[in-house]
1. Where does helix 88-102 land angle-wise versus the long Cα axis of the chain, in degrees 0 to 90, nearest 10?
2. Can you give the extra length, in nm with one decimal, that the chain gains between Leu168 and Asp264 once fully stretched, where that is 0.36 nm per residue apart less the Cα-Cα distance?
3. Given labels modelled 7 Å from the Cα in the Cβ direction, how far is it in nm from Leu314 to Lys345?
4. For segment 118-248, with all protein chains present and a 1.4 Å probe, just round the carbon and sulfur fraction of the accessible area to a whole percent.
5. How much length is gained on full extension from Gln116 to Ala128, taking 0.36 nm per residue of separation minus their Cα-Cα distance?
6. For a quick check, take a GNM of the chain with Cα springs below 10 Å and name the residue from Ser36, Ser308, Ser138 with the largest mean-square fluctuation.
7. Could you work out the local net charge near Pro216, counting Lys and Arg as +1, Asp and Glu as -1, over the other residues with Cβ closer than 15 Å to its Cβ?
8. Can you compute the FRET efficiency between Ala273 and Gln321 using 1/(1 + (r/R0)^6), with r the Cβ-Cβ distance and R0 = 22 Å? Round to the nearest 0.05.
Amino acid sequence: MNSSPATSGFHDRVRFVCDLARHLHQTGTSAPRLESAIDDVSARLSLSCQSLSTPTSVILSFADSRSGDGALAEHTQVLRLAPGEVDLRLLAHVDRVAERVATGEIDIVAGRAALQELPPRRGPVANAAMAASFGLTSGAVTVLLQGSLADTLVAAALGAVIGALSLLLPARPHLAAGFEAIVAFLAAILVFLVHAWWTPLSVNSVMIGALIVLLPGLALTTAANELATQHLVSGMARLAGASAVLLKLGFGIAAATQVARLFDLDRTPIPIAPLPDWVEWIALAVASLAFCVIFRAARRDWPLVIASAWLGYLCTRFGGQALGAEFGVFIAGLVIGCASNLSAKLRNRPGALVRVPGIILLVPGSVGLRSLFFVFERDVYLGLDTAFTVVILLASLVAGLLFGNVLVAPRRSLS
């Protein structure tokens, strides 16, 4: 056992907390959890910290708590960061390091070194697995949307291509701002071409399936949760960012629709028989496996991620059949919220390992995109009705998660 990290120098403790905040933000941690985690770890290191997290920055103001409650801030650090992405493997690693430092198991220097020990997984094999997972998720979601075999194959192929293109963005930052609009336009054009020249498709379902991984459903849910917990700056910023992504996707599809009409590719839809009901369970199994790769979960956590995705889907499906779609989402959110907190306490690992995959099939990103379909088609009333459905589903899901936190308290803020 090393000496308490609280006895380390002030600047060493500040550097560790800043590194911790940077890594937590990098894993897509929401503002309530990030700020509470940072404040909690700081207190255990004899620091008084005031933190403010937004999707693109973290501001931290430190004072040494041993100087008294009225001590003025001695150091303020502004971290300008890109929006984080869900990385369950990195989150579990950061959680473990923070716990070991806070309890004195390792010192500050060893803690900072440990935070750097887990480099992001890159390379041809990892990139190929990520692109394939995009495709598998697109195909599986198309099945869940009652698509046909042709719909599923086309959506899976387009999803894999979009996944491969997304991996090129770090090397081409000038394309990042318009990426969603570009790939939505190209994907929609290809869907119209296949529909007109090869085989009839459920055009809207295939488009949603192909673009499903780009839809900001999880961001919308996080934003609603932040607003509900009075983290207004981060919540509004995240909501605006998610809305911008939806608008870019919607614009890309609308532009492709106009081009398709110009060249007579927008053929009249033909009723297509969906795949048998039993295929839905295969699709769910495939999607839950793909989530392990997309969320970058460690191999040891794959069974938990898969089980969580199944739990969330089954709760919302059977709850929706019995009580209505909105209440079904509430029940699923409640169950996932309780399960994630209970798992965190029993396994001493982040509850996000259960919570994120558990709600991913419940978030209303696809419904938000459908509302834009109607608006761009000038069916404003139906667009507004669908938009209200998004709000209701978001409220139901967030309420379920918050009720889950009441019934089973989180292990700690980092969970």
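The values are calculated or read from the model by the stated rules, or taken from the named source; none is laboratory data. Note that the structure is a prediction, hence the values are computed from the model and not measured. Here the Cβ is made from the backbone with ideal geometry for all residues, glycine too, and neighbour counts use every protein chain on show. Accessible surface is based on the protein model in full, side chains and every heavy atom, while ligands, DNA and RNA are left aside. Shrake-Rupley method; radii C 1.70, N 1.55, O 1.52, S 1.80 Å.
1. That works out to roughly 10 degrees.
2. Values: separation 96, 0.36 × 96 = 34.56 nm, distance 3.29 nm.
That pair, Leu168 and Asp264, stretches by 31.3 nm at full extension.
3. So the two model labels end up 2.3 nm from each other.
4. On the way: 4190 of 5620 Å².
The value for segment 118-248 is 75 percent carbon and sulfur by accessible area.
5. Details: separation 12, 0.36 × 12 = 4.32 nm, distance 2.48 nm.
Full extension of this stretch gives 1.8 nm more.
6. Fluctuation is largest for Ser36.
7. Values: positive: Arg238, Lys248, Arg370; negative: Glu85, Glu180, Glu226.
Summing Lys and Arg as +1 and Asp and Glu as -1 gives 0.
8. Details: r = 22 Å, r/R0 = 1.00.
It comes out at approximately 0.50.
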